[in-house]
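Encoded as structure tokens, the structure appears first; notes follow it.
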2 protein chains.
Amino acid sequence: MSNIMSDKLQMEPISLKNVVVEDAFWTPWQKLVKESIIPYQWDALNDRIPGAEPSGTIRNFEIAAGRREGTHYGMVFQDSDLYKWMEAVAFSLQLDRDSTWEQTMDEVIDLLAEAQEANGYLNSYYTVKEPDNKWTNVKDDHELYCAGHLFEAAAAYYEATGKSKIMDICSRFVDHIIEVFGREEGKKKGYPGHPEIELALMKLYRATGENKYVSLCQFFIEERGQQPPHYFDIEKEKRGGTDRFNLKNYDYFQAHAPIKEQTTPEGHAVRAVYLYSGIADLAAQQNDEQLLNVARTLWKNTIDKRMYITGGIGSSEYQERFTVDYDLPNDRAYTETCAAISLIFWAHRMLQIDGDREYADIMELALYNGALSGISLDGQSYFYVNSLEVWPHTANHRHDMSSVKTTRQPWFGCACCPPNIARLLASLGQYVYSKNESEIYVHLFMQGETDVKMNGNNVKLQQQTQYPWQGNINITVQPQKSEEFAIAVRIPGWCQNASITVNGEKVQVNQEGGYAKFLRTWKKGDEINIELDMPVEVVRSHPEVRENAGKVALKRGPVVYCLEEKDNGSNLQDIEINEKKQLEPTFEPHLLNGVVTIQGKGTITDRASLSGSLYTTSTFERTSKDIKAVPYYAWSNRGEGEMIVWIRN
Amino acid sequence: MSNIMSDKLQMEPISLKNVVVEDAFWTPWQKLVKESIIPYQWDALNDRIPGAEPSGTIRNFEIAAGRREGTHYGMVFQDSDLYKWMEAVAFSLQLDRDSTWEQTMDEVIDLLAEAQEANGYLNSYYTVKEPDNKWTNVKDDHELYCAGHLFEAAAAYYEATGKSKIMDICSRFVDHIIEVFGREEGKKKGYPGHPEIELALMKLYRATGENKYVSLCQFFIEERGQQPPHYFDIEKEKRGGTDRFNLKNYDYFQAHAPIKEQTTPEGHAVRAVYLYSGIADLAAQQNDEQLLNVARTLWKNTIDKRMYITGGIGSSEYQERFTVDYDLPNDRAYTETCAAISLIFWAHRMLQIDGDREYADIMELALYNGALSGISLDGQSYFYVNSLEVWPHTANHRHDMSSVKTTRQPWFGCACCPPNIARLLASLGQYVYSKNESEIYVHLFMQGETDVKMNGNNVKLQQQTQYPWQGNINITVQPQKSEEFAIAVRIPGWCQNASITVNGEKVQVNQEGGYAKFLRTWKKGDEINIELDMPVEVVRSHPEVRENAGKVALKRGPVVYCLEEKDNGSNLQDIEINEKKQLEPTFEPHLLNGVVTIQGKGTITDRASLSGSLYTTSTFERTSKDIKAVPYYAWSNRGEGEMIVWIRN
């Protein structure tokens, strides 16, 4: 059912099932997800990790299903831990239909069916603990959020297996929600405090074609922020004035104004960007140019004024939120891993709509940097917060930096980012290609292949590359029979010069929206070769980013670099880089699972010229220093130490 | 009674009563204290400020005295507001015995005598509210802290008037404390969670010569931090495990280790430095070289590793505390006004002991910068927190900067710093001169005079200067009859070159500990003239202060400068100063009550070269820019705006 196409969509993603990633960079991570993260998390959900705090998640559903006695354990949104795990498993089944996990999934789905109430309601917390208080606090209580994660898992599992039982559960649940929420007399005009269900409903719609999912999504988006009276005030008054979380500012929930009046990204970053993703989905499906412009305006503000160079967003620990334009402190960056992931979701949707490489550039940027930094190379530990400057000496002692962890934390320390990374990595293939009736798009560069139908003709595209370490990409086209269509390959915004050949001959190609478009009659074995110049780039910030004044960052291709104490000694802030001297990329196969490092020259204060006093009218001597930068995503894999992205120049 | 001299003291301060300050810079502020702050605060203590929150302080004592019915209002340490005010009044009476305020003081002292319990106990909170819980929580409950402020006020009032009634109240109160606290069986081995009483007891000792005050001070200092068991644990257990404030780290109270094992300044900055001041007093009186070395070590660590260029200390809002070496962020500097004031107290004590100008330099630095910045030029508003970089755009929106106020707050908004500034300004004269048997010391440069006895001979020293705006100081010596003694004038550490004449003739003088010492037989009208070179200085930080890497501060004489948006436009962090070009000081009589400004050249990003995108591989053009710096203490007197002390160079 994936060919439901809107006028607003330039293209649709090629489904994960039709994409194989066999890539030196990404495949090891996908293996980690399958072989380590999914089994570990399943044990965690079943309280079988020695030494870890219990999760209680499966147990909660068993109680709700009447299979056992007991009370609910954990957070009000505990159910979503299972659903996120299920989605990751479903994605991995799309790649490789593993009968063990499919059986486990079917058993879990049976459990969910038993836990679902007769009227369709499904939430273990409320069923077990507060059966009389359902839907009384949509601002704080994540019932709709959990439902959303169920719907995402369902759509992914249905795509993987074609089994409809979980879709039936969702359908009955949505029917129940529609009975409770709506504009009709006696229904609640509410919407979730934590957006997420919007994009999930659109996934159900894409999987089934049923309009009820779109209508509900539209209702939630249109009601959001309407006032007076504000729905959150109405339900609070009905509760007798109590709150679960006492947050007074409705911008935290993106509910401070009706959606069509919102122009800047506000509040909790993950909530915001899940919502904007749902808005993009709805706008495209509804052909709603006005709503689409809301998404475009929010996008532009996010990218031009509130995003770190790593693709991280949400610069404040307090409320995990966006703050104001250009407020991007490095040492107190919050930039939750989930927020960078949500930016990938949003970018991917905007890309299908507008077909502009800027979206793919940002998707790639967040993927290789702000999202990937959330997980250690061995998959055993995680950053929830992804700072761009860490000085353990201070960060471990300042209370106003308590959210900054100086090393990644083990899995069970944080429940939300690890499954989000897992589902991202498991579903990576769906971000690589798109297609429409006459074009195949190559957005990302990963070795592997895709199978796609063009006018009924089976076409295989094989991609060979050592990306992101090398800029050469070779695409072999294998149509079943010769066929005319276009292949559109992204020429990344970071690339100043690309050489392109087709079948070994240099060609001039049209670029549209940043994509090189090759329209021709393709025959078996045709080859496109693209050589993206990938020099070390010295990047500067807009001068309103005060913390970066007088500083530069190093970037090569999509990869942002950093200095680590391990390679450069301590007091990294004292280092001045000489950008006029050669900055040399070197592939180091045995470092950090194999990375390109950047080596250059700089200076540092000559310690011999220091008097020991804090302040002096003397100038300090500086001595030359060799500098080595490593990819930002790979930092903190060699013990605790200092790190900076922005280097004085 | 001020001539009780220890072997450890090189000199003693010349009493406030014998010093007249008639100085273009300082006298207006002293007038503010007398004519505006003292009357305002008296009204506040009596709940007569319309619109302000009630203080309840006088009312509390009236209830304790049985003059009226009611319950206690305010904080557990509310009494200290009255005592601090009394001390400021007492100092102002030492300068000018104003009969109205003396009568008010006597009435207040009568009230205190009535509120004092029969056994000597005096604290309105406990007498009124928790009579059975006295002395059960010296960690949190400020009973000894309030007592200390009473003792300081008493010593000052006794010095001003010779009236002993308040000293008798103190004596009886101390007798009671000695009955409760001590090493003897059945007594509490406790000490205050908020140090202050230590230095106050030494003031009572200096005023009376009674050893009981020293003994109690010594007991408190020696018991502090002893363990196991720790006294704070003992009293907590006796309370049944409850706490008023749940602070688990005893370094907050400087009670993490015995005093003689403490080497770094830790915890709440004001508590710490009040304690260190008391330690200095006790060590000098006791001739305790080991204890003195503790104070010297703590001093050196404070000055060399944990002090802002303004003399501000305590870099973290959390617990208002010291953190770790070189952790001196500018935009989140806490640097409470009271902490800079306490540094003046401590420096003043160390100076009398060691006679080294470094102490006087820091005393002067904190006075002209970190302390004075706490009060607006009109005396109507106050900074509790003195940041070195304020960007309202961010500071008003980041929760982790909520302690940073972008403009000074009106008086009644904060209860602790305003009376502390008031007592400092009222008692300024006592910091200017010291003497011993054969020497008169001039530490600070303020126009005015002092009367002092040298070998029974009355000597008047008249100081003429336009300090801190000019470096010329003229001292006229007026002995009753010719007399041999030395006059020692500080040559400040910031001064690279000083020209000195005596009676118009250039002289070479010995410098001892940074003081130019003139030993001769002085006769009426002899004149010393000192011309301190006072160029604009460009100051750098130790490179371990990461936030100041690549930046300089401007200083002239003792005055630290800053850039304000008002003079330099917005985005001050973008400005680069050209320190090679002339930095020109100009006296501007109509600006900020008359200040020397510094004008120079710099550059700023050419906005025309910006693309609007956040990150770019282009370099930015820079255009030249005239720069004007104003004294840091005078910032934020012209509306809200940006400010920086550390400027890129």
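Annotations for the structure displayed:
- Inter-label distance, B:His399 to B:Glu35: 4.7 nm, where each label sits 7 Å from its Cα along the C-beta direction.
- Annotation for the B:A interface, with buried accessible surface near 4900 Å², both sides summed [1.4 Å probe; non-protein components not counted].
- Taking GluC sites (Glu not before Pro) across segment A:148-203, the ones in a DSSP loop with at most 13 further Cβ atoms lying within 10 angstrom of their Cβ are A:Glu184, A:Glu185.
- Size of electric dipole in segment A:184-324: Cβ of Lys, Arg +1 and of Asp, Glu -1, about Cα centre, debye, nearest 20: 200 debye
- Per residue accessible area in Å² of the protein assembly as shown, where ligands, DNA and RNA are left out and the probe is 1.4 Å: 35 Å²
- Accessible surface of A:Phe77 - all protein chains present, 1.4 Å probe, nearest 10 Å²: 60 Å²
- Hydrodynamic estimate: the Kirkwood radius of segment B:526-572 over Cα pairs, inserted into Stokes-Einstein at 4 °C and 1.567 mPa s, corresponds to D of 97 µm²/s.
- Position A:Glu512: other-copy label points at 9.2 nm, ordered by increasing distance, label point 7 Å along Cα→C-beta.
- For the protein assembly as shown, a crude dipole built from +1 on the beta carbon of Lys and Arg and -1 on the beta carbon of Asp and Glu, taken about the Cα centre, is about 1320 debye to the nearest 20.
- Relative contact order for segment A:430-511: 24 percent, from Cα pairs under 8 Å spaced at least 6 residues apart, divided by residue count.
- Peptide B:535-545 shows a mean partner chain C-beta count of 5 within 10 Å per residue C-beta.
- Within the accessible surface of the protein assembly as shown, defined with a 1.4 Å probe on protein heavy atoms only, the carbon and sulfur portion equals 45 percent.
- Accessible area of A:Val19 in the full protein assembly, 1.4 Å probe (Å², nearest 10): 10 Å²
- Rel. contact order, % - alpha carbon contacts under 8 angstrom, at least six apart, chain B: 13 percent
- Averaging the Cα positions of each part gives two centres, and for segment A:442-471 and segment A:532-570 these lie 30 Å apart.
- Two-decimal Rg to Rh for segment B:487-606 - Kirkwood Rh, Cα set: 1.10
- In loop segments of segment A:198-275 as defined by DSSP, the trypsin sites (Lys or Arg not before Pro) with at most 15 further C-beta atoms inside 10 Å of their C-beta are A:Arg239, A:Arg244, A:Lys248.
- For segment A:57-70, the Karplus equation 6.51 cos²θ - 1.76 cosθ + 1.60, evaluated at θ = phi - 60°, returns couplings of 5, 5, 4, 4, 5, 5, 5, 4, 7, x, 7, 8, 8, x Hz by residue, with Gly and Pro reported as x.
- Diagonalising the gyration tensor over the Cα atoms of chain A and scaling each eigenvalue by 5 before taking the square root yields semi-axes of 39, 32, 24 Å, largest first.
- Peptide ranges B:328-336, B:99-107 listed from the most packed, as the mean C-beta count within 10 angstrom indicates: B:328-336, B:99-107
- Taking one quarter of the surface of the convex hull spanned by the alpha-carbon atoms of segment A:44-171 gives a direction-averaged projected area of 8.0 nm².
- Residue-averaged [θ]222 nm for chain B, counting only DSSP H segments that reach four residues, each worth -39500 (n - 2.57): -10000 deg cm²/dmol
- In segment B:4-91, the convex hull through the Cα atoms has an average projected area of 9.5 nm², a quarter of its surface area.
- Nearest-to-axis residue in chain A, judged by Cβ distance to the rotation axis that brings A onto B and given in whole Å, is A:Asp400, 2.
- Base-10 log of normalised Debye intensity for segment B:208-338 (one unit scatterer per alpha-carbon) at q = 0.12, 0.21 Å⁻¹: -0.52, -1.23
- Restricting segment B:1-75 to trypsin sites (Lys or Arg not before Pro) in coil, as DSSP defines it, with at most 16 other Cβ within 10 Å: B:Arg48, B:Arg67, B:Arg68
- Gyration tensor verdict on segment B:413-473 (Cα atoms; rounded if a/c is under 1.5, prolate if a/b is larger than b/c, oblate otherwise): oblate
- Quotient of C-alpha Rg and 2.2 N^0.38 Å, computed over segment B:535-649: 1.11
- Copy-to-copy label separations for A:Lys453, where each label sits 7 Å from Cα toward Cβ, in nm and ascending: 11.3
- Normalised by residue number, the volume inside the convex hull of the Cα atoms of segment A:337-426 is 104 Å³ per residue.
- Taking segment B:362-510 and dividing mean pair separation by its residue count, relative contact order in percent (alpha carbons under 8 Å, at least six apart): 14 percent
- Principal semi-axes in Å for segment B:288-405 [√(5λ), Cα gyration tensor, largest first]: 28, 16, 10
- Sorted from shortest to longest, the distances between the A:Asn293 label points of this copy and the other copies are 7.8 nm, with each point 7 Å from Cα along the line through the beta carbon.
- Over segment B:132-277, the pair-distance histogram of Cα-Cα distances with 5 Å bins from zero comes to 2, 10, 19, 23, 19, 14, 8, 4, 1, 0 percent, rounded to whole numbers.
- Normalised alpha carbon radius of gyration of the protein assembly as shown [divisor 2.2 N^0.38 Å]: 1.07
- Accessible surface of B:Leu9 - all protein chains present, 1.4 Å probe, nearest 10 Å²: 20 Å²
The values are calculated or read from the model by the stated rules, or taken from the named source; none is laboratory data. These numbers come from a predicted model, not from an experiment. Note: ideal-geometry Cβ built from the backbone for every residue, glycine included; neighbour counts use all protein chains shown. For the accessible areas, the whole protein counts, side chains as well, though only heavy atoms, and no ligand, DNA or RNA atoms are used. Shrake-Rupley method; radii C 1.70, N 1.55, O 1.52, S 1.80 Å.
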